[in-house]
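First comes the structure, then the notes that go with it.
The values are calculated or read from the model by the stated rules, or taken from the named source; none is laboratory data. Since this is a predicted model, take the numbers as computed values, not measurements. Don't worry about glycine lacking a Cβ; one is built from the backbone with ideal geometry, like all the others, and counts go over all protein chains shown. Note: accessible area is taken over every heavy atom of the protein model, side chains too, but ligands, DNA and RNA are not part of it. Shrake-Rupley method; radii C 1.70, N 1.55, O 1.52, S 1.80 Å.
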Amino acid sequence: MANRLPVIGILLAVIAFIVWSSIFVVNERQQAIVVRFGEIQDVKTEPGLYFKLPFAFIDADTVQYVEDRALRFDLENIRVQVSGGKFYEVDAFVLYKITNARRFRETVSGDLVAAESRLRTRLNSALRTVYGLRGFEAALSEERTSMMREVRDQLRPEAESLGLRIDDVRIRRTDLTQEVSQQTFERMKAERLAEAELIRARGNEAAQRIRAIADRQVVEIVSEAARDAEIIRGEGDGERNRIFAEAFSKDSEFFEFYRSMNAYSDALADSGTTMVLSPTSEFFRYFNSAAGANAPAAASSEAASPAAPEAASTQTPAASGN
């Protein structure tokens, strides 16, 4: 009995190993493809505990696990040309799921890298086609949604041939390339400069118009003021003449004497001007007599003397005052 225990232990170990090698588990995030000698025997899509031919039979059955959840891959810095001929850089990503594990195994041997490589090529082509039919502004407008739907629809046939289902395609970024960015900047700068020049020209026009109106108003105001001043000056001169006339009519001799004194004051002031006048001139009538009545007689007696002509020829306002 003691000699059989090791044999029994070995048999139990072999049985346990066979049972363990024939069991596989599928969780909720996976699908399992059972392959026997290179041929697909079954596909397990529901989570649970399953059995296969154990390792004891030359490992006839192998299990390949594939994802049973939504997957994503990104496509970055794709250079596309729009209808206007300019180039832009686009970033996009794809959401997909393995819906046909058998076909997925048959086409790309269950390799996600190989499947995504084929999808990238098709996505690149779809983006170029969609952008090539539109301008750059379309990607920034309401057409963006329809553009993503078109890319998704173009990608679905290729994905179905791989056993995949495309759930969504999203365009994350659409940017100008470095060359186009510089050209766009220069164009926008030129547009803003032209707009600034237009605004400046309108401002100058308005300033000239306002300045012309102000100049015209100045001329009008000055003209009206000059007219009113002339009117007032004329009225003042008329009032002055009236007052002089009244004064002259009251005492004509005093008025003449007053005007002569004013004339002496204006003519004989220290202005540095030399005047040559005859002593018998009417201008000096009040120098000979305060009344001015004997001025002719005095003038004739002075004219009779030999020295009178010499005095008349050298008479100055300063000498007369002495």
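Things worth noting here:
- Some residue of the range 131-139 being among the hydroxyl-bearing types (Ser, Thr, Tyr), farther than 30 Å from Ile33 by Cα and open to solvent by 20 Å² or more (accessible area, probe 1.4 Å): no
- Residues (assigned to a loop (DSSP other than H, G, I, E, B) and either without any contact (Cβ under 8 Å) to a residue 60 or more places away in the chain or in contact with a Pro (Cβ under 8 Å, 6 or more places away or on another chain) (or both)) located in the range 64-111: Asp68, Arg69, Val82, Ser83, Gly84, Gly85, Ser109, Asp111
- Residue among Val151, Val169 that is free of Cβ contacts under 8 Å to residues at least 60 places away in the same chain and in contact with a strand residue (DSSP E or B) (Cβ under 6 Å, 6 or more places away or on another chain): Val151
- Of all residues making up the range 145-157, the number that are open to solvent by 60 Å² or more (accessible area, probe 1.4 Å) and within 12 Å of Val169 (Cβ to Cβ): 5
- When restricted to residues that are of a type outside the set (A, V, I, L, M) and open to solvent by 80 Å² or more (accessible area, probe 1.4 Å), the range 158-190 contains 12.
Let's see how each residue does on (1) open to solvent by 70 Å² or more (accessible area, probe 1.4 Å); (2) touching a Lys or Arg at 6+ places or on another chain (Cβ under 7 Å); (3) of a type outside the set (Val, Ile, Thr); (4) on the phi > 0 side of the Ramachandran plot:
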residue	(1), (2), (3), (4)
Arg192	yes, no, yes, no
Ile199	yes, no, no, no
Glu205	yes, no, yes, no
Ile221	yes, no, no, no
Glu230	yes, no, yes, no
Phe244	yes, no, yes, no
Ser252	no, no, yes, no
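- Among the candidates Ala190, Ala229, Ala138, Ala159, the residue that is of a type outside the set (Phe, Trp, Tyr) and more than 30 Å from Asn77 (Cβ to Cβ) is uniquely Ala229.
- Subset of the range 115-130 that is basic (Lys, Arg) and touching a helix residue (DSSP H, G or I) at 6+ places or on another chain (Cβ under 9 Å) - its residue that is surrounded by the fewest Cβ atoms within 10 Å (Cβ to Cβ): Arg118
- Test for Thr121: is it β-branched (Val, Ile, Thr) and without any contact (Cβ under 8 Å) to a residue 12 or more places away in the chain: yes
- A count restricted to the range 254-265 and to residues that are open to solvent by 50 Å² or more (accessible area, probe 1.4 Å) and at pLDDT below 75 stands at 0.
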